[in-house]
Amino acid sequence: MVNTAKKILVVDDETSMRKNITDLLSPLGYEAIEAGNGEMALQKFNQDKPNVVILDINIPKKDGLAVLKEMKAIANDVPVIIFTAYGTSERAIEAMKLGAFDYLEKPFELDEFILVVERANEYHNLLAEVKTLRSIVNESVNQPRKDNIIGRNIKMQEIFKLIGRIAPSDATVLIQGESGTGKELIADAIQRHSLRADKPYVKINCGAFSKSLLESEIFGHEKGSFTGADSRRKGLFEVADGGTVYLDEINSMPQSLQVRLLRILQNQSFFRVGGVTPITVDVRVIASANKDIEKEMESGNFREDLYYRLSVVRISIPPLRERKDDIDLLIDYFLQKYSAQKKLFISVELRNKLHSYNWPGNIRELENTIHSAIVTAINGVLTINQLPLKSVAPNEEFSFISLIEKGLSFKKVIDIVEKKIIEEALALNDNNQTKTAEYLKMNRRLLYSKMKELSLGSVSSEKFIKQKQ
């Protein structure tokens, strides 16, 4: 999350000058921190982490240029405005070479001073936002390189072959499949094996945002374009320039935004919200849908021209019930994933039950089931009694008190119950988190928080929105 506090460090050996600046900036919302010499300036800089620094070149104990150099070494993204009595002096020029944001000659004009400070603060916020976005991009790019798609099923093998053929191209890809089938893993594999693998990779869940917020997240906005737009913000396509954008739940995108997305695919250019200058980008698009897009087109919910632009390559992922020959592989994978530090054994009876179940929540449901069984395992053995799902567990009534008796804390049992309720609600609402929150009569942000806390499903969009607000 970008820090919107307006802290400013004022460094000047004249007490009256510091007071005048503080009195001038306080009504504008700035919190002024004062320092009367170079050593104190560096101490305050490290301690209070200001957005902007106003630094007089001629200060005692440590020269202003030396202070500037040390500040830029500590935090290069903090703009430093230099005060000098001689705007054309060699020292002022040297200050600019060392990375000063700007310099002002004493005595300064009030309007000019305020304008420079406001520009410096906006510059700091923009740098902070870019840094946040890059960390998100790098997190996606630097995922482990091993292929986490599990499957010996013939349909999955055909998908693997297709990924190998189409990954090096720039063709748009549309991935379709039920919730929990692993659409994001397929998208990750395409990006990982593409010629853009070392370039930005940005993801967004189109079903997790309101229309206005989704538009701003994808296309960015100009300062003042709507209430709360305090600064210019780059959208995902601009951040991903040169790389790849993954649009999850594309079927949830409002039609007005479908038109804008179509223009990007056609022209590789777009306008920020409130902008008049076209932004040109070079981006590959991978999209996924958890509903039948062709049926969505027939019902008028999805544009036919956008569908054909997106589906240059179409990949349909089979549900788990159609690839049960992969269940043993998946069980073993999840056992290793959640119990790498200890040996666990799974009973034959439990394996057979897992094979016979229909898995409406697909691989995500299987993963959560195995994880829950591991948590409640006794002496390292997973049995059918560890399953919290009535549809998978034995017919006799399941008692959560038995989990307490087996040593689980009350909090852990509540987590299991909450996880199951949210999982079933997500399945009923096509994994649309906004609809699920409404269905459960709970705040959408609380749902996101619970999903993150319980490691339930993908929360990458939620991470992105929290960090950007």
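Between Ile33 and Ile8, Leu9, Val10, the built amide H atoms are under 5 Å apart, and every one of these is 5 or more places off in sequence or on another chain.
Per-residue extension of 0.36 nm, minus the Cα-Cα distance of Arg152 and Ser16, leaves a gain of 41.3 nm for this segment. Go ahead and run the numbers for FRET between Asp48 and Glu112, Cβ-Cβ distance against an R0 of 22 Å, rounding to 0.05. Between Asp48 and Glu112 the formula returns 0.30. For Val273, the residues whose modelled amide H falls within less than 5 Å of its own, excluding neighbours fewer than 5 places apart on the same chain, are Gly220, His221, Glu222. For the range 7-134, the share of DSSP beta bridges that are antiparallel, to the nearest 5, is 0%. Counting only residues at least eight positions apart within a chain, or on another chain, the aspartates and glutamates with an alpha carbon under 15 Å from that of Lys199 are Glu139, Asp170, Asp188, Glu238, Asp241, Asp282.
Of the peptides 250-263, 151-164, 178-191, the order by per-residue mean of other Cβ atoms within 10 Å, starting with the highest, comes out as 178-191, 250-263, 151-164. Here the Karplus relation 6.51 cos²θ - 1.76 cosθ + 1.60, evaluated at θ = phi - 60°, turns the backbone of the range 158-168 into coupling constants of 5, 5, 4, 5, 5, 4, x, 7, 9, 4, x Hz, with x for every Gly and Pro. Any of Lys7/Lys106; Lys211/Lys441; Lys49/Lys450; Lys49/Lys69; Lys183/Lys435; Lys203/Lys435 with alpha carbons more than 24 Å apart? Name them for me. Table pairs above 24 Å Cα-Cα are Lys49/Lys450. What is the percent of Cα-Cα separations in the range 186-307 that go past 26 Å? Here the tail beyond 26 Å accounts for 19 percent of pairs. Under 5 Å between amide hydrogens, built in the peptide plane, is the criterion, and for Ser339 it picks out nothing among residues at least 5 positions away or on other chains. Highest average first, the peptides 303-316, 98-111, 53-66 ordered by how many other beta carbon atoms sit within 10 Å of their residues are 53-66, 303-316, 98-111. A straight chain from Lys161 to Glu70 at 0.36 nm per residue would run longer than the Cα-Cα distance by 27.4 nm. Label-to-label distance, Asp282 versus Lys452, with points set 7 angstrom from Cα along the beta-carbon direction: 3.5 nm.
Read-outs: derived from the displayed coordinates by stated rules, not from any lab. Bear in mind that the values here come from a model prediction, so they are computed numbers and not experimental data. We place every Cβ from the backbone using ideal geometry, glycine too, and count neighbours over all the protein chains shown.
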